[in-house]
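I have placed the structure first, in the form of structure tokens, so that the comments after it can refer back to it.
The values are calculated or read from the model by the stated rules, or taken from the named source; none is laboratory data. Treat the numbers as computed from the prediction; the structure is a model and nothing was measured. Positions of Cβ are generated from backbone atoms using ideal geometry, with glycine treated the same way; all protein chains shown enter the neighbour counts. For the accessible areas, the whole protein counts, side chains as well, though only heavy atoms, and no ligand, DNA or RNA atoms are used. Shrake-Rupley method; radii C 1.70, N 1.55, O 1.52, S 1.80 Å.
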Amino acid sequence: MSSIQKAPRSHEIPENTIIIIFGASGDLTRRKLLPAIYHLSREELLPKNFKIIGLGRRIPLNNEFKTEMQLRVRQYCSHKMEDKYWNPIKLNLHSIRANYNDEDTFLLIKNKIEAIEKEWNEKSNRLFYFATNPSHFTLLIMKLSKFKLNINHLPSWTRIIIEKPFGLDLNSAKELNNLIRTNFNETQIYRVDHFLGKEAVQNILVFRMSNLIFQPLWNREFIDHIQITTFETVGVEGRVDFFEQTGVVRDMVQSHMLQILAFLTMEHPRSLEPELIRDEKVKLLNSIRRYNGDEIQKNTVRGQYSEGIVNSNLTVTYRNEDGVPIDSLVETFAVVKLFIDNYRWRDVPFYLRTGKRMSTRKTEIFIQLKKVNDSHIPMILSKQLPIPNTIQLEIQPRAGINITLGWKPAGLLTEVEPINLDLGGKAKIKEPKAYERLLVDTMRGDSTLFIRFDEIIEMWSIVDPIIKYWKEVDKKIMNGLLPDPFPNYPAGTHGPDLANEFIKKDGRAWNKL
Ligand code: BG6
């Protein structure tokens with residue numbers, strides 16, 4: 001099945017590679033990137049010669065940085081920390097205290113790269129990872145270009161990995177893309193949505209396409225509605241500046257959730273070539289209904305958490321988190337109901353629901369089929385068949401599938417009971433698989449699990465009107481014309497009551513998590 005299924009092999013990893021991480025003092029580097037690099041060391045998937053240079057405004061000096069990263073790897077890795085795997089990283093890890101406005105920073109990077117190449121006696125591959133707040137992306141691109149750090153020194157390559165969100169709306173995404181494309185070739189650009197690196201997200205396609213029993217059901221004839229939920233127990237984790245610019249709609253819906261939706265509902269591509277998969281995703285995203293003002297009010301709910309208990313710990317109100325303005329109207333929870341206006345999905349509602357500081361950490365897709373038509377079954381059963389079939393695709397923390405069927409329990413009565421087919425086991429996914437996969441794929445030049453810019457355009461054009469509408473509402477709240485709606489759910493719950501009322505109005509209920 002093309003590269004979606006191909007396991008990376010060590011011989012595909014280029015020999016001499018320098019990974020330069022901008023934003024290395026941030027949350028992403030410690031929670032995901034360094035643990036992923038450690039996993040690659042365990043799997044012998046790091047380049048034969050490699051260096052990792054972490055840059056950040058507040059990054060600790062070399063030795064301190066190594067110690068700090070070791071601690072984090074221990075904290076966030078699913079494997080135990082072993083010196084034989086950590087030592088090569090420790091040896092090759094460096095930190096540079098950086099000010100991205102200061103040209104000396106880039107001169108330092110350039111000199112460092114040249115010194116390493118001298119040591120290796122060869123040109124290196126250069127992988128620049130943009131793990132900073134997105135507000136720095138433009139500056140970084142311009143500075144890399146100014147110092148000619150954007151050039152491919154063939155046969156070695158220079159690549160950039162850009163984290164999401166790509167821009168803050170459609171216009172800024174276009175501006176960013178123009179700037180990047182002026183300075184880099186498309187083949188050098190890897191736009192990340194790390195959910196695509198998750199096993200279970202890749203499995204959505206395999207599940208749909210390789211199981212004949214589900215293929216005929218995958219349309220509006222049989223499916224009543226679909227819920228996609230990404231609940232997190234974490235809050236903003238020291239990323240207030242970032243989160244205050246994004247909220248969960250930009251942070252989660254615009255990228256991860258729309259990508260999951262696209263995988264779930266797109267037409268089958270002619271083959272599983274990366275470009276063909278992306279073509280189908282773009283077509284699907286393009287068919288998602290765009291809303292105007294009134295429709296947005298009808299089809300969305302937003303929330304913000306107050307204090308509560310999460311994982312047995314008392315947590316503070318969002319507005320009392322360090323650095324959050326006391327009157328912040330940024331959403332930490334959202335529901336967006338979408339429709340896909342194509343023949344296959346017309347009138348099927350898709351409920352996307354996401355939140356921070358929720359009761360549990362879970363990402364899942366819940367598919368509810370229509371009820372069996374009464375005229376097709378004997379009367380004796382129809383009264384007892386309140387439960388429609390459901391298919392639950394669990395993405396995390398467990399990758400699994402749960403299917404509900406009707407079944408006659410043993411006994412003299414002809415009754416119907418729901419039974420669950422639960423597949424996938426109890427094992428939690430060993431994290432951070434997604435970043436491991438994406439780093440390896442970038443090094444071996446496979447862009448299947450990365451996003452093409454036309455997908456980004458579609459995704460922004462779906463969420464932009466929602467964000468703009470909410471901005472208008474916010475102005476009225478700030479001017480006292482509407483009451484302050486926040487906070488409206490306690491941390492550690494399933495979100496605001498409004499969200500329950502919202503789905504109840506449609507005669508449906510949220511799947512119990
Ligand atoms: C990131 C978001 O893209 O995904 C974070 O910026 C979020 O806010 C994270 O916490 C969730 O990813 P995962 O892999 O931990 O589920």
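First compute the accessible area of the stretch 62-220 with a 1.4 Å probe, then give the percent of it belonging to carbon and sulfur atoms.
49 percent
Please work out how much accessible surface GLU307 shows to a 1.4 Å probe, ignoring ligands, DNA and RNA, in Å² rounded to 10.
Here the residue's solvent-accessible area equals roughly 110 Å².
Within the chain, what percent of beta bridges assigned by DSSP are antiparallel, to the nearest 5?
The antiparallel fraction comes to roughly 55 percent.
Which lysines have a Cα lying under 24 Å from the Cα of LYS471, excluding residues fewer than 8 positions away in the same chain?
Output for LYS471: LYS164, LYS174, LYS298, LYS337, LYS356.
Using amide H atoms built 1.01 Å from N in the peptide plane, name the residues 5+ places from HIS225, or on other chains, whose amide H lies under 5 Å from its own.
Counting only residues 5 or more places away or on other chains, the set is GLN368.
Dipole of the chain (Lys/Arg Cβ +1, Asp/Glu Cβ -1, origin at the Cα centre): which of LEU284, ASN99, THR332 lies farthest to the positive side?
Sorting the options by dipole projection puts first ASN99.
May I ask you to list the GluC sites (Glu not before Pro) in the stretch 32-85 that are in a DSSP loop and have at most 16 other Cβ atoms within 10 Å of their Cβ?
Sites meeting the loop and neighbour criteria: GLU43, GLU44, GLU82.
Which trypsin sites (Lys or Arg not before Pro) in the stretch 316-348 pass both tests, a DSSP loop state and at most 14 other beta-carbon atoms within 10 Å?
Listed in order of number, the matching sites are ARG346.
Can you give the FRET efficiency for GLU64 and LYS408, using 1/(1 + (r/R0)^6), R0 = 41 Å, r = Cβ-Cβ distance, to the nearest 0.05?
0.05
State the dimensionless ratio Rg/Rh of the chain (Rg: radius of gyration of Cα atoms; Rh: Kirkwood radius).
For the chain, the value is 0.98.
Can you figure out the FRET efficiency of MET209 with LYS371, using R₀ = 25 Å and their beta-carbon distance, to the nearest 0.05?
0.40
Report the FRET efficiency, 1/(1 + (r/R0)^6), for GLU267 and ILE326, where r is their Cβ-Cβ distance and R0 is 30 Å, rounded to 0.05.
The formula returns an efficiency of 0.05 here.
Mind checking which aspartates and glutamates have their C-alpha under 16 Å from LYS90, skipping anything on the same chain fewer than 8 residues away?
Leaving aside aspartates and glutamates fewer than 8 places away in the same chain, those within reach of LYS90 are GLU44, GLU64, GLU68, GLU82.
Per residue, how large is the accessible surface of the chain? Use a 1.4 angstrom probe and give square angstrom.
Accessible area per residue: 45 Å².
Past 24 Å, Cα to Cα, is the threshold; run LYS281/LYS505; LYS112/LYS146; LYS32/LYS146; LYS84/LYS123 against it and keep the listed order.
LYS281/LYS505; LYS32/LYS146; LYS84/LYS123
Rounded to whole Å, give me the distance from the Cα center of the stretch 304-332 to that of the stretch 79-141.
35 Å
Would you list which aspartates and glutamates come within 12 Å of LYS371, measuring only between C-alpha atoms, while excluding same-chain residues fewer than 8 positions from it?
Here the aspartates and glutamates satisfying the reach criterion relative to LYS371 are GLU221, ASP224.
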